[in-house]
Amino acid sequence: MRKTLTQTDRLQPHGDDFYELLMAAHDGLAFDQSAALNARLVLILANEVGDFGTLTAAIDRAKKT
């Protein structure tokens, strides 16, 4: 079952902090290492979300933007 994702920014006031943390995690990595880090992070976060409908909706949104 597909869900509709919220439009609410749930990271406020930490959105910029998270972005900086994410970019810092990629510092010094080769492209392949960076891609592997992103893949691991996506799988870890998907496991935390744990809802297939929400994950499907998130993939759909990411493909559109």
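Applying the criterion of being in a loop (DSSP other than H, G, I, E, B) and not acidic (D, E) to the residues of segment 46-65, the residue that is farthest from R2 (Cα to Cα) is T65.
The residue of segment 40-62 that is surrounded by the most Cβ atoms within 10 Å (Cβ to Cβ), among those that are among the small types (G, A, S) and over 19 Å from L22 (Cβ atoms), is A57.
Evaluated against (1) modelled with pLDDT of 95 or more; (2) surrounded by 10 or more Cβ atoms within 10 Å (Cβ to Cβ), L5 falls short on exactly one condition, (1). Checked against the criteria, D32 does not count as loosely packed, with under 10 Cβ neighbours inside 10 Å, part of a loop (DSSP other than H, G, I, E, B) and acidic (D, E).
The values are calculated or read from the model by the stated rules, or taken from the named source; none is laboratory data. Everything numeric in this text was worked out from a predicted model, so none of it was measured. For neighbour counting, all protein chains shown are included, and Cβ atoms are generated from backbone atoms with ideal geometry for every residue, glycine included.
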